[in-house]
4 protein chains.
Amino acid sequence: MSDKKTRILQATEKLLAMYGFHGISMQMVAKEAGVAAGTIYRYFEDKDDLLHQLHDHILSHVANKITQDVSDEMPLKKRFRTMWLNIWKMANQEDAPLINRGQFENLPRRQGQEQYQLEQKLFAKVNQLFDEGKASGQFKQLDNEILSVLSLEPSACLARKHVNGVFNVSDDARDAAIEACWDAITQH
Amino acid sequence: MSDKKTRILQATEKLLAMYGFHGISMQMVAKEAGVAAGTIYRYFEDKDDLLHQLHDHILSHVANKITQDVSDEMPLKKRFRTMWLNIWKMANQEDAPLINRGQFENLPRRQGQEQYQLEQKLFAKVNQLFDEGKASGQFKQLDNEILSVLSLEPSACLARKHVNGVFNVSDDARDAAIEACWDAITQH
Amino acid sequence: MSDKKTRILQATEKLLAMYGFHGISMQMVAKEAGVAAGTIYRYFEDKDDLLHQLHDHILSHVANKITQDVSDEMPLKKRFRTMWLNIWKMANQEDAPLINRGQFENLPRRQGQEQYQLEQKLFAKVNQLFDEGKASGQFKQLDNEILSVLSLEPSACLARKHVNGVFNVSDDARDAAIEACWDAITQH
Amino acid sequence: MSDKKTRILQATEKLLAMYGFHGISMQMVAKEAGVAAGTIYRYFEDKDDLLHQLHDHILSHVANKITQDVSDEMPLKKRFRTMWLNIWKMANQEDAPLINRGQFENLPRRQGQEQYQLEQKLFAKVNQLFDEGKASGQFKQLDNEILSVLSLEPSACLARKHVNGVFNVSDDARDAAIEACWDAITQH
DNA sequence: CATGAATGAGTGTTCATTCAT
DNA sequence: GATGAATGAACACTCATTCAT
């Protein structure tokens with residue numbers, strides 16, 4: 001990918017994290033990226049397109065991070081714990097500023113089949129985890145989306161509040177939270 | 001509260017739900033509320049203040065709704081279930097347009113001690129639920145905030161996706177989700 | 001008509017005459033009119049609307065000027081000569097800067113029935129002249145539009161070139177030109 | 001003339017006719033001409049120069065067309081009629097797109113002696129016609145410019161309105177208009 | 001010679017805010 | 001108190017022009 005395009009995306013992510021959705025203008029992005037305002041329009045159709053592309057860019061980054069060090073051979077629980085911690089770490093390493101600040105969800109999303117398939121592909125390993133869990137009888141028989149909301153979403157939510165200083169989460173509390181999430185999706 | 005001020009807040013909520021954050025201007029709010037543009041500035045310092053106050057306005061509405069039909073005499077589980085469903089219903093009854101559309105989180109939030117205390121007061125009954133649960137040994141020994149993220153947050157998250165059509169949640173699945181959230185916070 | 005609106009129209013006309021169609025911006029108009037840029041948009045929907053309204057504004061001014069001192073009792077030739085000279089004078093008195101500089105024709109024109117009827121009404125006296133001339137057998141049996149192109153258009157064209165200094169037209173030459181235009185439309 | 005320069009001029013004329021003065025940019029011209037944007041600046045100083053040169057380019061095309069099939073041996077009236085019809089035909093054959101659409105007059109014109117001499121040379125045959133007519137006593141003793149405005153200008157004006165659909169001109173009306181123009185410049 | 005990415009001043013337009021009435 | 005006309009800085013976006021390759 002062109003050097004300039006990357007710089008523009010990174011600048012946008014940074015500014016979005018700093019000032020939020022409503023606080024950034026194309027001129028600010030240009031300045032932060034070290035390019036002229038007009039240059040942005042060589043790489044992105046308009047502001048909407050820039051934000052859409054940033055969404056996809058981050059989504060694929062996130063998908064990669066989440067499934068890092070996860071292999072099909074690992075036992076279910078270990079896989080789950082790894083993913084949960086990957087999400088947690090992402091926030092705490094200031095690795096994905098937008099995620100940290102909860103601005104990512106607000107990014108304008110492209111609708112439609114295409115987008116859905118992209119997300120399915122990106123999060124294939126997550127779905128595989130849930131599918132195996134249900135097949136083996138360990139997990140509750142619920143849609144993957146619901147399982148995800150119950151077990152992984154809290155990781156992001158907690159991390160966000162932790163990093164924003166809303167409240168502190170100790171290592172012990174964190175490990176307990178992982179267990180709680182596991183409890184949420186497993187049969188009892 | 002002054003009639004005009006209420007009308008302005010309601011107009012803002014309606015427009016925010018209809019057009020999103022980007023799509024509203026002070027003139028639109030004025031028109032919708034049936035007042036002159038300048039009048040808004042009698043009741044709100046500036047646009048930011050209007051949005052902040054709207055945040056608090058909605059927050060207190062939400063707090064009321066969540067604890068509706070919840071009394072201290074009900075058993076823990078029933079109280080929890082009622083709150084969970086109150087959150088769920090709020091979204092599905094188009095009762096809180098901003099919540100439904102996920103615009104509420106984007107509202108600029110005041111930071112700081114003051115805001116924290118307001119939220120504590122509003123959600124006192126929720127905290128009481130968790131405190132009792134922990135005291136009786138039924139709940140895990142985790143901070144209330146963490147318990148909330150594990151058990152109530154998924155209700156809002158699920159409802160949002162359900163109402164936005166991201167995916168469908170049947171009545172059975174919903175009840176199973178409530179059980180799962182209960183599993184997350186209870187001891188095993 | 002609002003004072004500000006008039007000032008904006010006059011400023012536009014002046015700038016259009018000075019810099020031509022392509023040389024003016026809304027900010028220039030605002031500055032020349034002594035109003036803020038945003039004020040223009042209280043009176044005109046957009047730049048196009050401003051130009052359209054200027055067109056109509058000038059058209060009605062021109063129609064008034066052309067038929068000044070023309071009464072139905074005057075003999076045909078005197079009426080014709082008066083109109084011809086009214087056009088001529090308009091240019092030479094710097095009375096209608098846009099006409100002088102031939103920028104008027106370039107103004108974006110509204111199309112359609114409505115516009116046509118407006119023009120018919122404005123130039124009713126001109127049409128009446130041609131109709132009477134044809135009825136009495138003095139004029140050639142041609143459409144009023146054609147008679148107009150043959151006899152009055154040259155007045156504007158000549159005046160434009162005279163005032164722009166393309167060439168000089170003496171008083172005698174001007175009177176001869178009026179006779180020539182009369183020859184063009186009368187029977188021989 | 002360089003192949004590239006010709007292509008640029010033709011592209012400009014085409015785009016100007018299609019989109020009007022406002023609708024063309026140098027990048028569009030470059031694309032239409034099949035050259036890089038920077039290349040235009042090898043052949044033209046700037047946009048103004050391109051437009052000026054296009055003006056002259058078209059002017060010389062027009063001059064050629066007007067005097068087509070006109071020879072010194074033809075009687076005055078036949079020469080006049082031929083020129084009048086040449087102008088008429090140019091518009092109706094979609095031969096000179098800019099003329100047809102009235103965009104030609106808007107082209108920025110160079111002022112001054114030099115420009116005047118160019119036009120004199122281009123329209124030498126037209127001047128010759130008027131000079132002979134005056135010498136033989138057939139034409140009125142008026143400057144060639146005035147005679148031209150009285151007799152040839154109406155052809156262009158009529159053709160423009162005809163082609164733009166402002167009103168329809170039948171073949172009979174057109175012939176009558178030629179006679180009327182002849183009447184305008186001849187002695188009676 | 002030719003290219004086309006890059007520039008940045010400029011465009012038309014919006015809108016939070018003010019203030020004379 | 002309430003109004004709404006007026007403001008002008010800011011916005012997203014364009015485009016004539018340059019210059020390293």
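The values are calculated or read from the model by the stated rules, or taken from the named source; none is laboratory data. Since the structure is predicted, the reported quantities are computational estimates derived from the model, not experimental observations. Note: ideal-geometry Cβ built from the backbone for every residue, glycine included; neighbour counts use all protein chains shown. Heavy atoms of the whole protein, side chains included, go into the accessibility calculation; ligands, DNA and RNA do not. Shrake-Rupley method; radii C 1.70, N 1.55, O 1.52, S 1.80 Å.
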What's the longest uninterrupted piece of chain A once you rule out the GluC sites (Glu not before Pro) that are loop residues per DSSP with at most 12 other Cβ within 10 Å? A:95-188
At 1.4 Å probe size, with every protein chain present, just tell me what the per residue accessible area of segment B:56-188 comes to in Å². 48 Å²
Collect residues whose amide H, placed 1.01 Å from N in the peptide plane, falls under 5 Å from the amide H of residue C:139; neighbours closer than 5 in sequence don't count. C:134, C:187
Specify, for chain D, the residue whose C-beta is closest to the rotation axis mapping it onto chain A, with the distance given in whole Å. D:38, 4
Residue B:19 accessible area, 1.4 Å probe, all protein chains in place, Å² to nearest 10: 120 Å²
Position residue C:77, label points 7 Å along Cα→Cβ, spacing to each other copy in nm (shortest first, one decimal): 2.5, 11.5, 11.8
Run the reach check for residue C:140 against aspartates and glutamates, Cα to Cα strictly under 14 Å, same-chain hits fewer than 8 apart removed. What comes back? C:131, C:132, C:183, D:172, D:175, D:179, D:183
With every protein chain kept in place and a 1.4 Å probe, the residues B:55, D:188 fall, from largest accessible area down, as D:188, B:55
What are the label-to-label distances in nm, one decimal and shortest first, from residue D:39 to the same spot in the other copies, with labels 7 Å along Cα to Cβ? 2.7, 5.0, 6.4
With a 1.4 Å probe and every protein chain kept in, tell me what percent of the accessible surface of chain B is carbon plus sulfur. 46 percent
Counting only protein heavy atoms and rolling a 1.4 Å probe, one gets per residue an accessible area for segment C:1-44 in Å² of 53 Å²
Using a 1.4 Å probe on heavy atoms of the protein chains only, the accessible area for residue A:131 in Å², nearest 10, reads 80 Å²
Where does the charge balance sit around residue C:183 when Lys and Arg score +1, Asp and Glu -1, over other residues with C-beta under 9 Å from its C-beta? -1
Kindly flag which residue pairs out of B:5/B:65; A:47/C:4; A:4/D:31 have an alpha-carbon separation exceeding 26 Å in this structure. A:47/C:4
Calculate the mean, over all residues of peptide C:140-147, of how many other protein chain Cβ atoms lie within 10 angstrom of the residue's Cβ. 5
Within the under-10-Å Cβ sphere about residue D:53, not counting residue D:53, Lys/Arg +1 and Asp/Glu -1 give a net charge of -2
Label 7 Å beyond Cα on the Cβ vector: residue C:1 copy-to-copy distances, nm: 4.3, 4.7, 5.4
Summing +1 for each Lys or Arg and -1 for each Asp or Glu, what net charge is found among the other residues whose Cβ lies under 13 Å from the Cβ of residue C:173? -3
Could you compute how much accessible area chains B and A hide from each other, both sides summed, with a 1.4 Å probe? Nearest 100 Å² is fine. 2100 Å²
Do you know the relative contact order of chain C, to the nearest whole percent, from alpha carbon pairs under 8 angstrom that are 6+ apart? 21 percent
